[in-house]
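Peer 1: Structure below; questions to follow.
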Amino acid sequence: MNIADSAKLAAGLDLLGHEQTERVEDADLIVVNTCVVREHAENRAVNKLAALRRLKARRNGVKIALTGCLVGPHLDDLRKRFPYVDAFAPPQAFDEIGGLAGAPCGGGFWDGVFPVPGGPTAYVPVIHGCNRFCSYCIVPYRRGRERSRPIDEVRREVERLAAGGAREVTLLGQSVEAYGHDLPDRPDLADMMRSLHDVDGLERIRFLTSYPADLTERIIEAVAELPKVCECFSLPLQSGDDEVLARMRRGYTVEQYRAVVESIRRAMPDAGISTDVIVGFCGESDEQFRRTYDVLADLRFDKVHVAAYSPRPGTIAARKMADDVPPEAKQARLQAVEELEARVAGEINAALVGTVQEVLVEERRRGRWSGRTRSGKLVHFDGELRPGDLARVRIEKASPWSLIGSVIERKATA
Ligand code: SF4
């Protein structure tokens, strides 16, 4: 979501006549787009701001703007902590930054700004905010309640992106299957996918992040049926223990979660499924963690994003629950999940050696192309190619994190 926000911000600043600099030291306006979903991310943002303060002291006229989830509704505290910041803009509300950059007064400027793709892939928010209030999560406090964008508005944006070179769009929402419930005719994500499917030049549609209780059979069927929609799911589990899930206020049980995974795999046996897990949440016992570990070992995900719990000020967990799992236990659980994940992902990827995968060519680094399979796996390969080509790649080597292959067929970009 932050990448999508930054792309829109960059497109707006471009329209206002600004140019991107290679080095932060050369910039007249520096926008820091922050994430505070974990304490670690927040600390990085704060350290970055401290470095910029020194830069600003050395060079006259530099302006600093702060946006993203660090900017909540109450600015007084932020103004005290960062007096050298010139503008504070809540996520997706860029008027303050536009003011610094010379946007016309009176608002409305950002409504007419469409992001420009920097390559063959682009992110497109379809629903902003979240209504869920999981007890550990800061997002609803910072990004507000759910607001879906009308299908025709999203379609216009996707048409522009495809005309500008995007071959793949990822439809974004904190809980992307909540899409549409707040719109007059209540379309859903399946309707959105069908509407985008015939956009000229577009080859692939992805979507992030799924919420287990919202992922309906209708949406799973649409993913299975529509050739351009990639069979790739990001489906956070968070915990494999029902009591912990209830304390997290996740709104599903482990059994219900398993049923969703089974539905996906029944409809699409080759689907890629990644998940997110929090270890060391308030009150999590060894036995409860062991249940999470067992579910991960049993369901065998393509990727597990694991984080140790850190309280986020203002959330339900931070206000009402004790952060009582010792740091060493959190670290040991984190490591156990990482080791399991390396083994499982290594086995899943090894089974792909010898198969042929469709890969969208994304970028060249250190003399090699890279791109992703439909199921979301990173592949490195050589060949006479261009970003945006679709290639059929025979997989020759595998590690837990990526695949290596050689191109056997190329479908050129439009
Ligand atoms: Fe946060 Fe839960 Fe909403 Fe995800 S679904 S953004 S974890 S409140």
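The values are calculated or read from the model by the stated rules, or taken from the named source; none is laboratory data. If you're wondering where the values come from, they're calculated on a predicted model, not measured in any experiment. FYI the Cβ positions are ideal-geometry reconstructions off the backbone, even for glycines, and counts take in every protein chain you see.
Peer 1: Would a scan of segment 249-260 turn up a residue that is away from the ligand (no atom under 14 Å from the Cβ), buried (at least 22 other Cβ atoms within 10 Å of the Cβ) and modelled with pLDDT of 95 or more?
Peer 2: There is at least one residue in segment 249-260 that is away from the ligand (no atom under 14 Å from the Cβ), buried (at least 22 other Cβ atoms within 10 Å of the Cβ) and modelled with pLDDT of 95 or more.
Peer 1: Taking Arg218 as the residue in question, decide whether it is assigned to a strand (DSSP E or B), more than 12 Å from the ligand (Cβ to nearest atom) and within 27 Å of Pro269 (Cβ to Cβ).
Peer 2: No: the conditions fail for Arg218.
Peer 1: A further question on this structure: May I ask you to list pairs of residues, at least six apart or on different chains, whose Cβ atoms are under 9 Å apart, with the first in segment 119-133 being closer than 16 Å to Met193 by Cα and the second being within 11 Å of the ligand (Cβ to nearest atom) and part of a loop (DSSP other than H, G, I, E, B)?
Peer 2: Short answer, once both residue conditions are applied: Tyr123/Met1; Pro125/Met1; Pro125/Gly173; Val126/Gly173; Ile127/Glu146; Ile127/Gly173; Ile127/Gln174; Ile127/Ser175.
Peer 1: What about Ala93, is it under 30 Å from Tyr309 (Cα atoms), under 23 Å from the mean Cα position of the chain (by Cα) and free of Cβ contacts under 8 Å to residues at least 60 places away in the same chain?
Peer 2: yes
Peer 1: Only one residue in Pro212, Pro227 is surrounded by fewer than 22 Cβ atoms within 10 Å (Cβ to Cβ) and in a loop (DSSP other than H, G, I, E, B), so which one is that?
Peer 2: Being surrounded by fewer than 22 Cβ atoms within 10 Å (Cβ to Cβ) and in a loop (DSSP other than H, G, I, E, B) holds for just one of Pro212, Pro227, which is Pro227.
Peer 1: Looking at segment 230-247, can you tell me whether even one residue there is of a type in the set (Lys, Arg), in a loop (DSSP other than H, G, I, E, B) and surrounded by fewer than 23 Cβ atoms within 10 Å (Cβ to Cβ)?
Peer 2: No: zero hits.
Peer 1: Go through Val31, Val62 for me and flag whichever is under 28 Å from the mean Cα position of the chain (by Cα) and either crowded, with 16+ Cβ neighbours inside 10 Å or of a type in the set (Ser, Thr, Tyr) (or both).
Peer 2: Step by step, each of Val31, Val62 is checked, and only Val31 is under 28 Å from the mean Cα position of the chain (by Cα) and either crowded, with 16+ Cβ neighbours inside 10 Å or of a type in the set (Ser, Thr, Tyr) (or both).
Peer 1: Would you point out the residue of segment 185-208, among those that are within 18 Å of Asn131 (Cα to Cα) and either at pLDDT below 95 or away from the ligand (no atom under 16 Å from the Cβ) (or both), that is nearest to the chain's Cα centre (by Cα)?
Peer 2: The qualifying residue nearest to the chain's Cα centre (by Cα) is Asp188.
Peer 1: Please count how many residues of segment 209-241 are among the small types (Gly, Ala, Ser) and within 20 Å of the chain's Cα centre (by Cα).
Peer 2: 4
Peer 1: In segment 41-149, which helices (runs of 4 or more DSSP H) lie fully inside it and hold 3 or more residues that are touching a Phe, Trp or Tyr at 6+ places or on another chain (Cβ under 7 Å) and at pLDDT 95 or above?
Peer 2: none
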